[in-house]
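Enquirer: Right, I'll just put the structure down here and ask away after.
Where a number appears in this text, it was derived from the coordinates with a stated rule and is not lab data. Here the structure is a predicted model, which is why all the values come from computation and not from measurement. Cβ placement follows ideal geometry from the backbone for every residue including glycine, while neighbour counts extend to all protein chains displayed.
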Amino acid sequence: MRITAVTCVKNEGPFLLEWIAFNRLIGVTDHLFYSNDCTDATDRLLDALAARGLVQHLPNPAEGRNYQMEALKDAAKQPIVQDADWVWVADVDEFLNIHVGDHTIPALIEACGDPQAISVTFQFFANDDIDAFQDRPVIEQFTRSHNPDLWCGQSAIEVKSLVRRDFPLQYYGAHRPFFKKNLAPRKRPSWTDGSGRKVPHKFLVAANPRRIRKFPAAGARDFATLNHYALRSLDSYLVKNDRGDVNRENRAFDDTYWRERNDPAFHDDSIHRYLPALTKALAELKADPEIAALHDEAVALHIAKRDELLAQDGYRAMRDQLKAASKLPPEEEALLAELGLA
């Protein structure tokens, strides 16, 4: 079974090898990376991996700011995607945690009854009060999340999707594939959640914007969960923030994104089942001197960027604000205040 993972990256150098090694453990056979404007050795590390046949690396074709959608449009034309039995569109901070069989994508597909698409629900992992970046697996470091069935007061949580070759595709979206709206009901694809249940009708047909990329999470993750490490360490979050916004002088910082994802109410280390094999797989990749050197360079540049940012008053203020921020999501805190319990 050929399974191709497609992703877009910018300055993700320290995290690439873990993501690639993990995906290979769960059954991904091919990787298609699109990169843009990298300054941390991401592009050079991907080129070295591509030279060894481990990934395919292309420059992001986007001419404006719509990097992901332009890349996905291009990906649909690439043989590495067209020849795949299944396509997995995800980000480098997202790890598919499979709970059935041998914990691989083929086992998930079998458990779900071999549908034409499987949409797996996000679980957002908190920062765990880890300030310093550490060059060790992300999936090992962060073990606390929100209640998996409830996020920021919402029972519907976003998903990412596996797509089978014969899906009646109009185009790939970042969270789910789309088929033509006028497709006859009998030709609509078979499509399940991470428990093998049919996805809700409104999600299936993209009936309204609120249900295009999410549906109720309760009962949807018996076979798989999508662990999303959007925050990582505080150091890495500062660097990530800079990647999207390099000038913060005289501007207030909105910590909503951080607070929505930094809810440590629930402990979940089930993904640690992969750690022994992941440790071995990372060592095998780093046994190549050039790959190891490029990874180490990416780590050094990541730390240097953190130091550069923390030399600025605005980023020191951002760091202090994040460290002091409430660990209650804003919606939950507002509800408690309304009830007079805050």
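Enquirer: Lys and Arg at +1, Asp and Glu at -1: add these up for the other residues within a Cβ distance under 13 Å of P329 and post the number.
Expert: For residues surrounding P329, the net value is -3.
Enquirer: Still on this structure: Quickly estimate the mean residue ellipticity at 222 nm for the chain, helices only: each DSSP H run with n ≥ 4 gives -39500 (n - 2.57), and the total goes over all residues, rounded to 500.
Expert: -10000 deg cm²/dmol
Enquirer: State the answer as a single residue: which of T192, I157, L278 lies farthest towards the positive end of the charge dipole of the range 3-338, with beta carbon charges of +1 for Lys and Arg and -1 for Asp and Glu, about the Cα centre.
Expert: About the Cα centre, the residue reaching furthest to the positive side is T192.
Enquirer: Right, another one. Below 8 Å, C-alpha to C-alpha, sequence gap of six or more: please give me the relative contact order for the chain in percent.
Expert: 22 percent
Enquirer: Which Cα, out of P137, A207, F124, lies furthest along the positive dipole direction of the chain (beta carbon charges, K/R +1, D/E -1)?
Expert: Working it through, the farthest residue towards the positive pole turns out to be A207.
Enquirer: Mind putting together the pair-distance distribution for the range 141-278? All Cα pairs, 10 Å bins, whole percent per bin, short to long.
Expert: Bin by bin from 0 Å, the calculated values are 9, 32, 31, 21, 6, 0.
Enquirer: Taking 0.36 nm per residue of separation and subtracting the Cα-Cα distance, what length does fully extending S270 through R197 add?
Expert: 24.1 nm
Enquirer: Over 23 Å between C-alpha atoms is what I'm after, so list which of K73/K240; K73/K181; K10/K286; K202/K327; K160/K286; K10/K202 land there.
Expert: Cα-Cα > 23 Å for K73/K240; K202/K327; K160/K286; K10/K202; rest within.
Enquirer: What does the charge count near T143 come to, summing +1 for each Lys or Arg and -1 for each Asp or Glu among other residues with Cβ under 10 Å from its Cβ?
Expert: Net charge around T143: -3.
Enquirer: Just grab the label-to-label distance for A51 and E63, each label 7 Å out from Cα along the Cβ direction, in nm (one decimal).
Expert: Here the modelled spin labels are 3.2 nm apart.
Enquirer: Under 18 Å from a label point 7 Å along Cα→Cβ of D255: give me every residue in the range 215-238 with its amide N that close.
Expert: It comes to 230-238, nothing else.
Enquirer: Provide the FRET efficiency to the nearest 0.05 for the K180-C152 pair, computing r from the beta carbons and using R0 = 30 Å.
Expert: 0.35
Enquirer: Go ahead and run the numbers for FRET between A300 and Q82, Cβ-Cβ distance against an R0 of 30 Å, rounding to 0.05.
Expert: Rounded to the nearest 0.05, the efficiency is 0.20.
Enquirer: Further, regarding this structure: About its Cα centre, how strong a charge dipole does the chain have in debye, to the nearest 20, once Lys and Arg get +1 and Asp and Glu get -1 at the Cβ?
Expert: Roughly 1680 debye for the chain.
Enquirer: Could the peptides 107-117, 131-141 be put in order, highest first, of the mean number of other beta-carbon atoms found within 10 Å of their residues?
Expert: Top of the packing list down: 107-117, 131-141.
Enquirer: Take the alpha carbon gyration tensor of the range 186-342, find the square roots of its eigenvalues, order them as a ≥ b ≥ c, and report rounded if a/c is under 1.5; if not, report prolate when a/b exceeds b/c, else oblate.
Expert: Here the range 186-342 falls in the oblate category.
Enquirer: Sort 162-168, 307-313 by packing, meaning the average of other beta carbons within 10 Å per residue, with the highest value first.
Expert: 162-168, 307-313
Enquirer: Run the dipole for the range 177-291 about the Cα centre, Lys and Arg Cβ at +1, Asp and Glu Cβ at -1, nothing else charged, and hand back the magnitude in debye, nearest 20.
Expert: 1240 debye
Enquirer: Rounded to whole Å, give me the distance from the Cα center of the range 74-112 to that of the range 1-45.
Expert: Their Cα centres are 13 Å away from one another.
Enquirer: Taking 51 Å as R0, compute the FRET efficiency from the Cβ-Cβ separation of D307 and A334 and round it to 0.05.
Expert: Computed FRET efficiency for D307 and A334 comes out at 0.90.
Enquirer: Still on this structure: Would you work out the Kirkwood radius for the chain? I mean one over the mean of 1/r across all pairs of different Cα atoms, in Å.
Expert: This gives a value of 20.9 Å.
Enquirer: Could you check the spin-label model distance between R243 and K286? Points 7 Å from the Cα along Cα→Cβ, value in nm.
Expert: 2.0 nm
Enquirer: Please figure out what share of the DSSP beta bridges in the chain is antiparallel and state it in percent, rounded to the nearest 5.
Expert: Around 55 percent of the beta bridges assigned by DSSP in the chain are antiparallel ones.
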